[in-house]
Amino acid sequence: MTITLRQALTSDHPVMVGSVQRWWGDSRTPEQARELSLLLPKLFLQHFAGTSLVALAEDDDGTETVAGFLVGFHSADQPDVAYIHFVGVDPQRRGLGIARTLYRQFFAAAERAGKLVVHAVTSPGNTGSIAFHRALGFRLLPGDRTVDNADDTGNTDDVTVHSDYDGEGQDRVCFELALGSPGDR
Ligand SMILES: CC(C)(COP(=O)(O)OP(=O)(O)OC[C@H]1O[C@@H](n2cnc3c(N)ncnc32)[C@H](O)[C@@H]1OP(=O)(O)O)[C@@H](O)C(=O)NCCC(=O)NCCS
């Protein structure tokens with residue numbers, strides 16, 4: 001299998017929405033997966049396709065499928081900031097470095113555009129996303145409280161959380177990576 005990246009297109013929108021509904025279908029109810037896909041309205045691909053990426057997997061038989069994607073943009077109001085809104089990788093193809101490759105390409109383009117930092121946000125319960133962002137060198141921006149995301153073996157893991165970040169009860173974990181730091185290579 002070979003992975004290639006290309007810039008996203010507005011026409012990728014239906015595939016991305018369908019992918020979210022399928023890829024998250026095993027860990028969520030169909031309704032929850034549909035709700036999640038609402039985080040990706042078409043406007044992101046109408047206005048930010050140029051800073052968003054699609055990872056294509058070509059299998060040995062030559063079949064090409066979408067293996068992952070990243071939707072991100074360069075902040076209009078904060079000139080130093082690039083923001084990653086959404087990243088997803090096909091569950092069958094996780095652990096292969098696809099998301100890291102998508103992030104690195106996004107970092108490189110952001111750096112070329114003069115951005116200094118990359119921001120991303122996730123839910124406190126999304127331990128996979130928190131682990132992924134930490135592995136890539138993101139730091140957690142200090143919030144107003146700490147939750148312990150203890151794992152099955154009882155290992156504690158304090159995570160700093162911003163309460164009501166996206167509205168009442170919508171707590172978030174906020175990440176920042178300084179471009180040019182070792183983590184972005
Ligand atoms: C998070 C996600 C994008 C990672 O994709 P991936 O292609 O499997 O990640 P990579 O293979 O590039 O992993 C890069 C690093 O992150 C780590 N990592 C990735 N997922 C992890 C997880 N669930 N738990 C712990 N570490 C993880 C990897 O171990 C790797 O670190 P290493 O190089 O030090 O070993 C993928 O699991 C996914 O699509 N999750 C559901 C969607 C989601 O939560 N998106 C983020 C919020 S929008």
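Scan segment 1-50 for residues that are within 16 Å of the ligand (Cβ to nearest atom) and among the small types (G, A, S) and jot them down.
A8, G18, S19, G25, S27, A33, S37
Here are the criteria: (1) among the charged types (D, E, K, R); (2) under 20 Å from Y83 (Cα atoms); (3) in a loop (DSSP other than H, G, I, E, B). Tell me which single one E176 does not satisfy.
Among (1) among the charged types (D, E, K, R); (2) under 20 Å from Y83 (Cα atoms); (3) in a loop (DSSP other than H, G, I, E, B), the lone unmet condition for E176 is (3).
Let me spell it out: the conditions are (1) among the polar types (S, T, N, Q); (2) open to solvent by 60 Å² or more (accessible area, probe 1.4 Å); (3) more than 13 Å from the ligand (Cβ to nearest atom), and T65 meets all of them except one. Which number is the exception?
Against the list (1) among the polar types (S, T, N, Q); (2) open to solvent by 60 Å² or more (accessible area, probe 1.4 Å); (3) more than 13 Å from the ligand (Cβ to nearest atom), T65 comes up short only on (2).
Among the residues of segment 122-151, write down those that are farther than 15 Å from A99 by Cα and of a type in the set (A, V, I, L, M).
L140, L141, V147, A150
How many residues, within segment 137-167, are out of contact with any strand residue (DSSP E or B) (no Cβ under 7 Å at 6 or more places or on another chain) and either open to solvent by 90 Å² or more (accessible area, probe 1.4 Å) or over 22 Å from L39 (Cα atoms) (or both)? Steps first, please.
Keep residues of segment 137-167 that are out of contact with any strand residue (DSSP E or B) (no Cβ under 7 Å at 6 or more places or on another chain), which gives 150-155, 164, 167.
Still in the list and also either open to solvent by 90 Å² or more (accessible area, probe 1.4 Å) or over 22 Å from L39 (Cα atoms) (or both): 150-155.
The qualifying residues number 6.
If a residue counts only when it is modelled with pLDDT of 95 or more, which helices (runs of 4 or more DSSP H) contained entirely in segment 1-58 have at least 2 such residues?
13-23, 43-47
Please specify each residue of segment 69-85 satisfying the condition of being part of a strand (DSSP E or B) and either open to solvent by 20 Å² or more (accessible area, probe 1.4 Å) or among the aliphatic types (A, V, I, L, M) (or both).
Initial filter on segment 69-85 (part of a strand (DSSP E or B)): 69-74, 81-85.
Result: L70, V71, F73, H74, V81, A82, Y83, I84, H85.
Among the residues of segment 22-54, what is the count of those that are crowded, with 16+ Cβ neighbours inside 10 Å and more than 17 Å from T101 (Cβ to Cβ)?
10
Among A110, A57, which is the only one that is closer than 25 Å to D166 by Cβ, surrounded by 15 or more Cβ atoms within 10 Å (Cβ to Cβ) and among the aliphatic types (A, V, I, L, M)?
Being closer than 25 Å to D166 by Cβ, surrounded by 15 or more Cβ atoms within 10 Å (Cβ to Cβ) and among the aliphatic types (A, V, I, L, M) holds for just one of A110, A57, which is A110.
The values are calculated or read from the model by the stated rules, or taken from the named source; none is laboratory data. Quick caveat: nothing in here was measured; it's all calculated off a predicted structure. Every residue, glycine among them, receives a Cβ derived from its backbone with ideal geometry; neighbour counts consider all protein chains shown. Ligands, DNA and RNA are excluded from the accessible area calculation, which covers all protein heavy atoms including side chains. Shrake-Rupley method; radii C 1.70, N 1.55, O 1.52, S 1.80 Å.
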